[in-house]
Amino acid sequence: MKPKAVALKYDKAKGSAPKVTAKGEGFTAKNIIKIAELNDVPIKKDEDLVEMLSQIELEREVPPEMYQAIAEVFSFIYKLTKR
């Protein structure tokens with residue numbers, strides 16, 4: 001099974017919900033993860049969430065029905081980084 005990855009960005013000044021900024025599988029997923037690691041971006045592994053997020057078009061906001069799952073990801077990141 002090929003690895004999959006999805007990158008999210010949240011800018012509260014520009015929108016109401018996080019956007020999907022990158023997604024891919026295989027080589028592309030590995031590059032997304034590598035870039036995140038090189039930039040000290042926290043990574044949360046959740047195959048089910050990645051599967052759902054990969055269905056969203058690039059630069060589109062996460063739909064409201066996914067807010068709870070995304071809030072859990074951002075909570076995880078906050079606990080790791082305190083920012």
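At-a-glance table
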{"quantity": "Fluctuation leader among 23, 45, 14 - the chain, Gaussian network, Cα springs under 10 angstrom", "calculated": "14"}
{"quantity": "Extended-chain gain in nm, criterion 0.36 nm per residue less alpha-carbon gap, residue 30 and residue 49", "calculated": "5.1 nm"}
{"quantity": "The chain, accessible area per residue, ligands and nucleic acids excluded (1.4 Å, Å²)", "calculated": "77 Å²"}
{"quantity": "Potential extension, residue 58-residue 21 segment - 0.36 nm per residue separation minus Cα distance", "calculated": "12.8 nm"}
{"quantity": "Amide H partners (placed H, <5 Å) of residue 23, local residues excluded", "calculated": "7"}
{"quantity": "Kirkwood hydrodynamic radius over Cα pairs of the chain, then Stokes diffusion coefficient at 10 °C and 1.306 mPa s, in µm²/s", "calculated": "121 µm²/s"}
{"quantity": "Helical contribution to [θ] at 222 nm, DSSP H n ≥ 4, -39,500 (n - 2.57), averaged over the chain, rounded to 500", "calculated": "-12500 deg cm²/dmol"}
{"quantity": "Percent accessible area from carbon and sulfur atoms, segment 1-81, protein chains only, probe 1.4 Å", "calculated": "54 percent"}
{"quantity": "Residue of 35, 56, 43 that the Gaussian network model of the chain assigns the largest fluctuation, springs spanning Cα pairs under 10 Å", "calculated": "35"}
{"quantity": "Above-threshold pairs, the threshold being 20 Å between Cα atoms, out of 23/44; 14/82; 4/34", "calculated": "14/82"}
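The values are calculated or read from the model by the stated rules, or taken from the named source; none is laboratory data. Bear in mind the structure is a predicted one, so any value in this text is a computation, not a measurement. Just the protein is used for accessible areas: all its heavy atoms, side chains included, with ligands, DNA and RNA removed. Shrake-Rupley method; radii C 1.70, N 1.55, O 1.52, S 1.80 Å.
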